[in-house]
Amino acid sequence: MPTPKATPDGNPDEALRARVRHAAEIINQADGLIIAAGAGMGVDSGLPDFRGPEGFWRAYPALGRAGLGFMDVANPRTFGRTPELAWGFYGHRLALYRATQPHAGFGILQRWAKDMNAGATVFTSNVDGQFQKAGFDPERVYECHGAIHHLQCLSTCTEAIWPADDFVPDVDEARGVLRNAPPTCPHCGGLARPNILMFGDPLWLPARSEAQAIGDRDRGGYGCAFGAPLQPADVDPRGREAGADQCG
Ligand SMILES: [Zn+2]
C-alpha cells in the first residue's frame with residue numbers, strides 16, 4: 001500500500017490526515033501489534049524525556065547546578081564514587097515511575113490489539129515499567145535497556161537480579177541526593193544499582209532483558225510500530241557508542 005505524501009493542493013493538515021487514515025488502514029489489517037516505544041511515550045504521562053542537556057537539567061536542576069549531565073550521572077562509576085548522588089537521581093526516578101499513571105494512549109493500544117489474533121508485543125528502551133503498569137502482559141514486554149524496578153550488585157559478585165520493591169528512596173530534591181540508606185547486594189553486602197544499561201557500562205547484567213527477548217521470539221503479530229524512540233545521540237553524540245539508559 002503506497003504511503004500518501006501530500007494532497008494535490010499541498011495542504012499539510014490534509015496530508016497529515018491522509019497519513020493517519022493510511023496508518024489506520026494498516027492497523028485494521030494487522031494480525032497483531034509490535035509497539036516500539038522510546039522516551040517520547042512517557043511524555044504525556046508527565047515524565048521527562050531528558051532531551052538535550054537543558055531538558056535533563058530542567059528535570060534535575062540540582063544536577064545542573066553541579067554541572068553534571070545525564071551521561072555523568074547515568075554511569076556506574078558515579079555509583080562507586082558518589083552513591084548518594086547516583087541514587088539521588090535513580091531513587092527520584094524510581095519513586096516517580098512508581099507514582100505515575102500511564103496515560104490514555106496505553107489503553108488505546110491495548111484496545112486496538114485486543115481483537116488481533118497475535119495481540120500486542122512491546123519493544124522498549126524505556127526503563128520505567130509503564131507498559132506493565134498499564135496492563136500489558138509482562139511476558140510480552142522486552143525492555144532492551146533493563147528496568148529501574150530491578151536491582152543488581154554494583155560489583156557483580158553475583159549475576160542475580162532482584163526486584164527493587166523493598167527499597168523506598170528518600171531523596172533530597174533540592175540537593176539531588178539520597179537521604180536514606182541505598183539498597184545493598186544480598187550476597188556481598190556491597191552497593192546495589194538499578195539493572196539498567198547505563199553509559200560506559202560493561203557490568204550491566206543483561207540476563208533479564210535477554211530472557212524477555214527470547215520469550216517473545218516465537219510470537220507472531222506484526223502490524224505497526226509506535227512511540228518516539230529517543231536515541232542516545234539525542235542526549236549526547238558520544239552516547240551512540242556507549243548505549244545507555246536514555247530515557248524516562
Ligand atoms: Zn554483591
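The values are calculated or read from the model by the stated rules, or taken from the named source; none is laboratory data. Since the model is a prediction, treat every value here as computed from it, not as a measurement. Heads up, the Cβs are rebuilt from the backbone with ideal geometry, glycines too, and the neighbour counts pull from every protein chain shown.
The set of residues in the stretch 164-207 that are in contact with a His (Cβ under 9 Å, 6 or more places away or on another chain), within 16 Å of the ligand (Cβ to nearest atom) and assigned to a loop (DSSP other than H, G, I, E, B) comprises 164, 204. Of all the numbered requirements in (1) in contact with a Gly (Cβ under 6 Å, 6 or more places away or on another chain); (2) at pLDDT below 50; (3) aliphatic (A, V, I, L, M), residue 171 misses one, and that requirement is (2). Per the listing 58, 93, the residue uniquely part of a helix (DSSP H, G or I) and within 16 Å of the chain's Cα centre (by Cα) is 93.
Checked against (1) surrounded by 13 or more Cβ atoms within 10 Å (Cβ to Cβ); (2) over 23 Å from the mean Cα position of the chain (by Cα); (3) within 16 Å of the ligand (Cβ to nearest atom), residue 161 passes all but condition (2). Taking the criterion of being buried (at least 19 other Cβ atoms within 10 Å of the Cβ) and part of a helix (DSSP H, G or I), the residues of the stretch 41-55 that qualify are 41, 42.
Is it fair to say residue 77 is touching a residue at least 24 places away in the same chain (Cβ under 8 Å), in a helix (DSSP H, G or I), surrounded by fewer than 17 Cβ atoms within 10 Å (Cβ to Cβ) and among the basic types (Lys, Arg)? It is true that residue 77 is touching a residue at least 24 places away in the same chain (Cβ under 8 Å), in a helix (DSSP H, G or I), surrounded by fewer than 17 Cβ atoms within 10 Å (Cβ to Cβ) and among the basic types (Lys, Arg). Among the numbered conditions (1) within 21 Å of residue 210 (Cα to Cα); (2) more than 18 Å from the chain's Cα centre (by Cα), the only one that residue 187 does not meet is (1). For the stretch 142-158, a residue qualifies if it is free of Cβ contacts under 8 Å to residues at least 60 places away in the same chain, more than 12 Å from the ligand (Cβ to nearest atom) and out of contact with any Lys or Arg (no Cβ under 7 Å at 6 or more places or on another chain), and exactly one does: 149. For residue 170, are the conditions met, namely being without any contact (Cβ under 8 Å) to a residue 24 or more places away in the chain, over 17 Å from residue 48 (Cα atoms) and out of contact with any Cys (no Cβ under 7 Å at 6 or more places or on another chain)? No.
Let's see how each residue does on (1) at pLDDT below 85; (2) of a type in the set (Asp, Glu); (3) touching an Asp or Glu at 6+ places or on another chain (Cβ under 8 Å):
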{"site": "1", "(1), (2), (3)": "yes, no, yes"}
{"site": "16", "(1), (2), (3)": "no, no, no"}
{"site": "22", "(1), (2), (3)": "no, no, no"}
{"site": "25", "(1), (2), (3)": "no, yes, no"}
{"site": "28", "(1), (2), (3)": "no, no, no"}
{"site": "67", "(1), (2), (3)": "no, no, no"}
{"site": "79", "(1), (2), (3)": "no, no, no"}
